[in-house]
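What follows draws every value from the coordinates through simple rules; no lab data is involved. Predicted, not measured: the structure shown is a model, and the values here were computed from it. All Cβ positions, even for glycine, are placed from backbone atoms using ideal geometry, and neighbour counts span all protein chains on display.
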């Protein structure tokens, strides 16, 4: 339509305005949707949409294609992508920033300064995402193409610190300080890295001392056990060779070194030696008659069985003792052992007044899984007789 | 000694263009001279001979250059020759520049010469000025602290050089630059086992730097953290109580049971002196007490056999466990000592020194008696 001049107006503005006097304006924003509509217009957008669908956002799509026009030089394209990345970075959208920077780097433009900045920025993005390794790699790459690039050096040092590689952090700092002798950030980072390094060295020394102490304690314990002539078996299948060989007892010692005298009980109790040099064992009392058991966490070797039985049965008999016969003075302690080259089962009986140490004297006394176990039966009861029938009995 | 004519003839032999065998003989002769006092005295009066020798250090023959350096080292050991050696304005800058060359064969010789020249204040000032004009103290420290900077020279004598330079307040000021990370790089070398020269030089430098009490807070802060580096060589394998251990600086905790103390008594003494200097201010005393310096000093004292070093340790301990001084006297370096008291103190010092020497003598006699 040709422009009509109407006095002061130009390009038909007056006419356009006059139209409103007669025609109703169509396609106006309604009260309900005006904010949404405004948000679609590129100039008034508060936030950009994640994906730009040309159908919904034709103007944005247009702008995008202008920015990323492949006809422009690699440097320009890379620069635009850098700006895009920086914008994402500002919004803390690090994942998207990385994509932009990577895209920019792919352009392989010859501007090394730009590439160093891209790598450093990508390193920063990775850093904020917690990808320390990737961040460090990018910082190193940036440093390679532009040695002395301050931001890359700082970032690299920070990554090393996060990765707890303090020696490397110090190297990055010193390299940086060579070029940028008065940089405060580098100085601070160096002091931090140095402090952490020395703390880590202290921790290593501490662990070593602790390990040595534990080892010493364990050695002392094993020696004490060995001195008493006690044989230890691990919870696995026992060796079928002869029992008193040096090899086996030292093998058992070795096993102890590995899995400790860990009992199969949930309590995790273990034999220990007190200040007077007495051993205290975790002990199992088994009551096969009623399929019950009792666990004593620390049975001093100088204690007699009666003391412990009194604790269990002295005051009140346990509920499973339906016949009420497990009074301490009625009880007898037994231990089953196997004699090789003989197919029978042997049983060793001991009186309740014996001390635990008496059992050490028995040269086939084994401790299985670090926990000596004893069977407790009522003397002369029918179960007792039944239990012992067919077995060879020996007195301790 | 040579006559003037003979000296002139000798000079004519000391040019780069002279026949090698003549040059060699001439330098050999002068080397012999430089080993004696009279010879040095003579050379002092012949500055042109000295200049010629400097020029010959660039000779292509390694043997000749080496001899010339040797001569200059001998000369520099004599203080009366210092002026002659540095009077030629070109000499120091050339020497200092050569230190920067990582391939230079004679860097160690240069370090020794400079170390000798800086022993006394006057020439030390000249050397420092020349240093700051071109190479700079920071660069020197950088070279010193870079492992394997020069494959052909170990540069250990840069240690004593730094120590000597820091007798000058301007050198200390430059070294203790808070905006840079120069001073901090020296600290780990208090533990450098491979060279007592280097180690001693560094400890001497640190001790000298402790003279300026205005820097104490900075030295004791995390930015520098000088304390562990001074204490570590003095700490031994003895176990301390749980409470004492917890308070120690991190580097002194859980030391292995084969920890050895510093072997050189002079270095031990300097470490203690540095610590004593740090007790000058109230803040310094507090820092040292908080970081459990006393238990370290206590165990050290039980171990130390040398009377002089023991005495230095006792002085430190006295300050650490003594009462705080009255208000107005908290900075021990700034207290005004009345003249008569000062005189008495000097007498007491002299007395103490005498007693220490007597004690030392007595101990060595007892030892020889026992050795029989």
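Points worth noting:
- Among B:116, B:164, B:331, the largest mean-square fluctuation in a Gaussian network model of chain B, built with springs joining Cα atoms closer than 10 Å, belongs to B:331.
- Share of pairwise Cα separations in the range B:196-309, more than 21 Å, in percent: 34 percent
- The range B:235-273-the range B:69-106 distance, computed between alpha-carbon centres (Å): 40 Å
- Least to most buried among B:104, B:69 (fewest other Cβ within 10 Å first): B:104, B:69
- Counting only other chain Cβ atoms within 10 Å of each residue's Cβ, the peptide A:291-297 averages 0.
- Within the protein assembly as shown, percent of DSSP bridges classed antiparallel, to nearest 5: 70 percent
- Semi-axes of the equivalent ellipsoid of the range A:81-126 are 17, 9, 8 Å, computed as sqrt(5λ) over the eigenvalues of the C-alpha gyration tensor in descending order.
- With the convex hull of its Cα atoms as the shape, the range B:161-243 has an orientation-averaged projected area of 6.5 nm².
- Globularity index of the range B:284-349 is 1.31 (Cα radius of gyration / 2.2 N^0.38 Å, N = number of residues).
- Normalised contact order of the range B:205-307, rounded percent, pairs of Cα under 8 Å and 6 or more residues apart: 38 percent
- On Cα atoms only, tilt of B:47-56 relative to the major axis of chain B in degrees: 90 degrees
- Relative contact order (%) - chain B, alpha-carbon pairs under 8 angstrom, separation at least six: 9 percent
- Exposure proxy order (Cβ contacts within 10 Å, fewest to most) of B:183, A:127: A:127, B:183
- Here, the range A:42-199 has an Rg and a Dmax of 18.2, 61 Å when only alpha carbons are counted.
- Mean partner shielding of peptide A:205-211, defined as the number of other chain Cβ atoms within 10 Å of each residue Cβ, is 3.
- The mean of 1/r over all distinct Cα pairs in chain B, once inverted, gives the Kirkwood hydrodynamic radius of 23.3 Å.
- Highest mean packing comes first when the peptides B:94-103, B:277-286, B:348-357 are listed by Cβ atoms within 10 Å, giving B:277-286, B:94-103, B:348-357.
- Using the average count of surrounding beta-carbon atoms within 10 Å as a protection proxy, the listed peptides A:153-162, A:136-145, A:286-295 rank, highest first, as A:153-162, A:136-145, A:286-295.
- Crossing angle, helix B:265-278 versus chain B [Cα axis fit, 0-90 degrees, rounded to tens]: 60 degrees
- Percent of alpha-carbon pairs separated by more than 46 Å within the protein assembly as shown: 58 percent
- With contacts taken as Cα pairs under 8 Å and at least 6 residues apart, the range A:42-199 reaches a relative contact order of 13 percent.
- Ranked B:22, B:50, B:202, criterion: other C-beta atoms within 10 Å, fewest first: B:22, B:50, B:202
- For the range B:89-211, the mean projected area of the C-alpha convex hull, equal to one quarter of the hull surface, is 6.9 nm².
- Once the Kirkwood radius over Cα pairs is known for the range B:1-85, the Stokes-Einstein relation at 20 °C and 1.002 mPa s delivers a diffusion coefficient of 171 µm²/s.
- Helix B:196-209 and the longest principal axis of the Cα set of chain B meet at an angle near 60°.
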